[in-house]
Amino acid sequence: MKLAVIGTGYVGLVSGVCFTLNGNHVICVDKDQEKISKLNRMESPIYEPGIEALIEMNLREGRLSFSADLQDSVRRSDIVILAVGTPSLPNGEADLRYIEGAAAEIGQAMEGYKIIMTKSTVPVGTNEKIRSMIAAHTNHPFDIVSAPEFLREGSAIQDTLHPDRIIIGLDNPALEDTMRELHKGFTDNVFVTDIRSAEMIKYASNAFLATKISFINEIANICEKVGADVTEVAQGMGMDRRIGSSFLQAGIGYGGSCFPKDTNALIQIAGNVDYEFKLLESVVEVNKGQRFMIISKLHESLGSLRGAVIGIWGLAFKPNTDDVREAPAREIVEALVAEGATVKLYDPIAADNFRQQYDHPNLRWCGLPEEAAAGSDAVCLLTDWSVFKDINLHKLAESMRRQVLIDGRNVYSKEQIEGTGLTYHSVGRPQMGGLSGYSADAVGVV
């Protein structure tokens with residue numbers, strides 16, 4: 001089949017590249033000519049492990065191309081896939097300007113029958129609006145399909161090629177065979193439903209996962225007060241098949257381009273039909289507050305932060321991505337600067353993106369994690385990149401001015417901390433005699 005994928009962000013680029021692997025010919029379209037030029041040089045505009053190798057292979061084999069000409073790409077394709085961004089408006093609703101603009105252009109370009117497949121995350125009822133927008137610009141027949149994505153940044157290729165399930169929303173049953181053929185080889189677990197239900201499945205799925213994260217963080221906060229270990233609690237909970245172990249890792253909360261945007265959008269969707277989604281409102285509130293636990297633990301160890309030097313390890317919202325959208329690190333760093341601290345920052349991939357969004361004279365940009373730690377009063381681990389797991393903690397302690405380590409992702413074990421001399425704080429691990437993390441006999445922890 002011949003596909004045009006509109007939008008070359010995470011969803012569009014990864015989906016387009018992966019659809020070539022089952023024999024389709026794909027044109028990835030973006031209005032940003034600089035991005036298209038970069039892709040034609042086989043350089044990915046996003047950091048995603050493995051993506052550049054797949055781009056190069058499929059460009060050379062002639063199954064993949066990149067274009068800034070939407071109308072020509074639509075005319076040359078059988079299926080047009082909408083994968084443009086739907087960022088949040090100030091009130092939390094999804095901004096549909098890019099979807100609406102693309103829909104109008106698609107209608108203007110059509111010279112025959114097309115299948116329009118929406119992969120962008122859109123509020124319930126949006127595909128019906130897309131239908132009306134396209135119909136306003138063409139007399140040619142077309143069908144609308146909702147096929148929401150469920151990929152995770154950092155493992156997006158794996159998630160696309162081997163998904164847990166594929167959701168297909170359609171109102172023309174004759175399209176089912178075509179949609180199954182398009183996704184052939186990815187998974188046999190294809191769930192076909194109506195368009196509005198498919199739209200809601202995406203929001204409901206992300207809201208539920210966000211709820212699990214906020215729930216385990218609330219449990220972690222209680223564990224610290226009662227002397228339980230949240231890692232043990234989560235493991236025991238996860239052994240129940242009704243609960244499962246995924247998304248039960250306590251830490252400083254979720255971020256990124258999906259969970260914050262989609263939870264707020266679903267709250268607004270509910271509000272638009274006069275329903276108050278109290279549970280999800282609490283999930284968002286808990287998540288926002290969880291990141292400032294880092295600041296509280298710094299105050300506990302250092303007192304005032306004015307004049308303190310704080311090392312930050314990790315700026316991306318999760319490892320294996322350069323995405324800093326809604327990353328907890330942003331608000332944590334801003335809070336430290338506001339309190340008069342000097343902040344030394346390190347991230348193996350995301351530092352440039354973070355610096356483009358936020359810079360300040362009190363920030364020091366470091367090329368190694370050890371550089372961010374040297375001379376610091378405390379180090380705060382905010383993203384669990386694998387590089388941090390292999391740090392020599394004894395040498396780390398020797399290089400610091402005051403030996404405080406705040407582990408916001410529970411990366412380190414008791415055995416790694418023992419004998420280092422570090423004052424160690426983790427998330428939701430037992431307090432013993434007022435000590436956070438592990439017992440005073442094992443570690444000099446507070």
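Things worth noting here:
- Some residue of region 398-415 being closer than 24 Å to E218 by Cβ, modelled with pLDDT under 90 and touching a strand residue (DSSP E or B) at 6+ places or on another chain (Cβ under 7 Å): no
- Taken together, A198, A210 contain a single residue that is buried (at least 20 other Cβ atoms within 10 Å of the Cβ) and within 17 Å of Y254 (Cα to Cα), which is A210.
- Verdict on D322 being out of contact with any Ser or Thr (no Cβ under 8 Å at 6 or more places or on another chain), acidic (D, E), assigned by TED's automatic domain parsing to the domain that holds V411 and within 18 Å of G253 (Cα to Cα): yes
- For L170, the requirement of being in the same structural domain as D69 (by TED's automatic domain parsing), surrounded by 14 or more Cβ atoms within 10 Å (Cβ to Cβ) and under 21 Å from T8 (Cα atoms) is not met.
- On the stretch given as region 127-168, residues that are more than 24 Å from the chain's Cα centre (by Cα) and part of a strand (DSSP E or B) total 4.
- Any hit, region 303-326, residues being assigned to a helix (DSSP H, G or I) and under 25 Å from V284 (Cβ atoms): no
- Residue within region 197-214 that is free of Cβ contacts under 8 Å to residues at least 12 places away in the same chain and of a type in the set (A, V, I, L, M, F, W, C) present: yes
- Qualifying residues in region 60-85 (those that are free of Cβ contacts under 8 Å to residues at least 60 places away in the same chain and hydrophobic (A, V, I, L, M, F, W, C)) - the one surrounded by the fewest Cβ atoms within 10 Å (Cβ to Cβ): A68
- Consider region 22-59 and keep the residues that are free of Cβ contacts under 8 Å to residues at least 12 places away in the same chain and closer than 22 Å to G185 by Cα. The one that is surrounded by the fewest Cβ atoms within 10 Å (Cβ to Cβ) is A53.
- Only one entry in K395, K344 is touching a Ser or Thr at 6+ places or on another chain (Cβ under 9 Å), among the basic types (K, R) and in the same structural domain as A308 (by TED's automatic domain parsing), namely K344.
- Inter-residue pairs, beta-carbon under 6 Å, first more than 29 Å from L266 (Cα to Cα) and in region 93-117, second of a type in the set (D, E, K, R) and assigned to a strand (DSSP E or B), 6+ apart: none
- The criterion of at least 3 residues that are closer than 24 Å to D177 by Cα is met by the following strands (runs of 3 or more DSSP E) wholly inside region 1-68: 2-6, 25-29.
- Matching residues in region 302-320 - criterion: being modelled with pLDDT of 95 or more and more than 21 Å from S214 (Cα to Cα): L302, G303, S304, L305, R306, G307, A308, V309, I310, G311, I312, W313
- Residues that are without any contact (Cβ under 8 Å) to a residue 24 or more places away in the chain, under 24 Å from the mean Cα position of the chain (by Cα) and surrounded by 17 or more Cβ atoms within 10 Å (Cβ to Cβ) are absent from region 244-261.
The values are calculated or read from the model by the stated rules, or taken from the named source; none is laboratory data. Computed from a predicted structure; not experimentally measured. Note that we place each Cβ from the backbone using ideal geometry, even for glycine, and neighbour counts take in every protein chain shown.
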